[in-house]
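Since the structure comes first, as structure tokens, the remarks are kept for the end.
The values are calculated or read from the model by the stated rules, or taken from the named source; none is laboratory data. Just so it is clear, the structure is predicted and the values come from calculations on it, not from any experiment. With ideal geometry, Cβ positions are generated from the backbone for all residues, glycine too; neighbour counts draw on all protein chains shown. Note: areas computed on protein heavy atoms with side chains; ligands, DNA, RNA excluded. Shrake-Rupley method; radii C 1.70, N 1.55, O 1.52, S 1.80 Å.
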Amino acid sequence: MISFLETIEDTRRAASCQHNFIDILVIAVCAIIANADTWEDMQEFGEEKEDWLRTFLELPHGIPAHDTFYRIFCLLDPDKFQDCFTRWVKSAFPEAVDTPDEENDIVPIDGKAIKGSRGKGKQAVHIVSAWSSRLSLVLGQKSVDKKSNEITAVPDLLAAIDLAGCLITADAMSCQKVIAETCIAEGADYLLAVKGNQKNLKDDIQNHIEQHWKNYPGDVPSETFHEEFSRGHGREEYRCCWTFSALDVLRDHEVWSGLKQFGIVQADRTINGKVTTSLRFYICSKEMTAKDMLSATRMHWEVENNLHWMLDIAFSEDACQTKNDNAAENLSTLRRIALNILKSDTTSKRSIKGKRKKAGWSNGYMAKLLKSFIVTGA
């Protein structure tokens, strides 16, 4: 742990500092793991666990005050902290970047606003994350510039992590030529949702599927058509997918780097006798069966269910009222470090929230969790 955190520059004036920079960072990581959500929680955690912390930290002047934690994370460069996080993932979880061809990972990319960071006349901090569906880990994150949007942050995020052989999935906002080009340049494939922001693509795909339905009103299961049924929790769902390789029906298809297919997913949901239907359009740089494309589009939602929902429910992210942008971004990185460590633990069957509580109660369990952070080659 320390070998990675020590690479972050301490910008304080050394003569006026009482606490070691590395001690503050390590206490913060441990506190977030152990169910601390605020700066005051970090101080209280440190005070209650001071004897244990002294077994591996110097703590020359005891535990820092909550104001000190806050000031440090206001001063800490979020980009450098996020880079530290990404390098740790690569070393602590080498399987995240060394994937056999037959187990290529699906990596959903999506953004989340930290609602509590919003202030009067101030936008909320917005973070884009890359999620490994195979490993159930956060691979990396990048903050969105206040004067821009996810379109500029996603290429930087993709370039920062090793994605060779992976399939990148993203929503319609990321359906951009530069993002498709970045995926191909990084040795990855893409599956991008298409909506009104790419009007020509959307209209051409819509026209093609409508013509297909006229010509082939009764589709049968094949490599290019797949359907699934499910029932549970008081609802019935029908999902199907069509894939097409006739790129000539798409205007300017050649400007999309590596484009090989486009697809349509239909989802019908019946709840209390009421049926709702939705159609979603996609472009893809990988030749996929309809079954595989349907599966990949469903796996994209893991970034919402397993990351964003977890950050709100288990880590109370949206409830955090930290208004300073640097501090809010750095807290988000701490939460993702903690989530990866807790997710990687298979010795406890408790929920993430339950594991956080256990880590706060048991020094032994906390030490076991931190072993996943002990890697070389920082």
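Annotation for the range 1-101: chymotrypsin sites (Phe, Trp or Tyr not before Pro) lying in DSSP loop with at most 15 further Cβ atoms inside 10 Å of their Cβ are Phe56. Within the accessible area of the range 115-210, the carbon and sulfur atoms contribute 49%, probe 1.4 Å, all protein chains present. Between the alpha-carbon centres of the range 111-174 and the range 266-320 there is a gap of 17 Å.
For the range 213-326, the alpha-carbon coordinates run over 56, 43, 20 Å along the three principal axes, in decreasing order. The C-alpha atoms of the chain define a longest principal axis, and helix 199-215 lies at about 40 degrees to it. FRET efficiency for the pair Lys195 and Ser344, taken as 1/(1 + (r/R0)^6) with r the Cβ-Cβ distance and R0 = 25 Å, rounds to 0.10. Partners of Lys49 within straight-line reach, counting lysines whose Cα lies under 22 Å from its Cα and excluding those fewer than 8 residues away in the same chain: Lys353, Lys355, Lys357, Lys358, Lys368, Lys371. For the chain, the longest principal axis of the Cα atoms and the long axis of helix 66-75 meet at an angle of about 50 degrees. Expressed as an acute angle from 0 to 90° and rounded to the nearest 10, what is the orientation of the C-alpha long axis of helix 325-344 relative to the principal long axis of the chain? Its long axis makes an angle of about 80 degrees. Rolling a 1.4 Å probe over the heavy atoms of the protein chains gives the chain an accessible area of 47 Å² per residue. As a calculated quantity, the FRET efficiency between Lys122 and His233 at R0 = 35 Å, using C-beta atoms, amounts to about 0.30.
Build a GNM of the chain with springs between Cα atoms under 10 Å apart, and of Gly46, Gly232, Gly187 the one that fluctuates most is Gly232. Between His66 and Asp203, residue separation times 0.36 nm minus the direct Cα-Cα distance comes to 43.8 nm. The charge dipole of the chain, taken about its Cα centre with unit charges on the Cβ atoms of Lys, Arg (+1), Asp and Glu (-1) only, comes to about 1100 debye.
Per-residue extension of 0.36 nm, minus the Cα-Cα distance of Ser245 and Ser148, leaves a gain of 31.5 nm for this segment. Per the Debye calculation on the range 201-258 with a single equal scatterer at every Cα and no solvent contribution, log₁₀ I(q)/I(0) for q = 0.16, 0.25, 0.26 Å⁻¹ amounts to -0.67, -1.08, -1.11.
Scaling against 2.2 N^0.38 Å puts the C-alpha radius of gyration of the chain at 1.10. If I take R0 = 41 Å and measure r between the Cβ atoms of Ile22 and Ser295 in this structure, what FRET efficiency does the formula 1/(1 + (r/R0)^6) give, to the nearest 0.05? Result of the calculation: an efficiency of 0.40. Charged side chains reduced to their Cβ positions (Lys and Arg at +1, Asp and Glu at -1) give the range 218-343 a dipole of some 300 debye around its Cα centre.
The mean sequence distance of close C-alpha pairs (under 8 Å, at least 6 residues apart), as a share of the length of the chain, puts its relative contact order at 21 percent.
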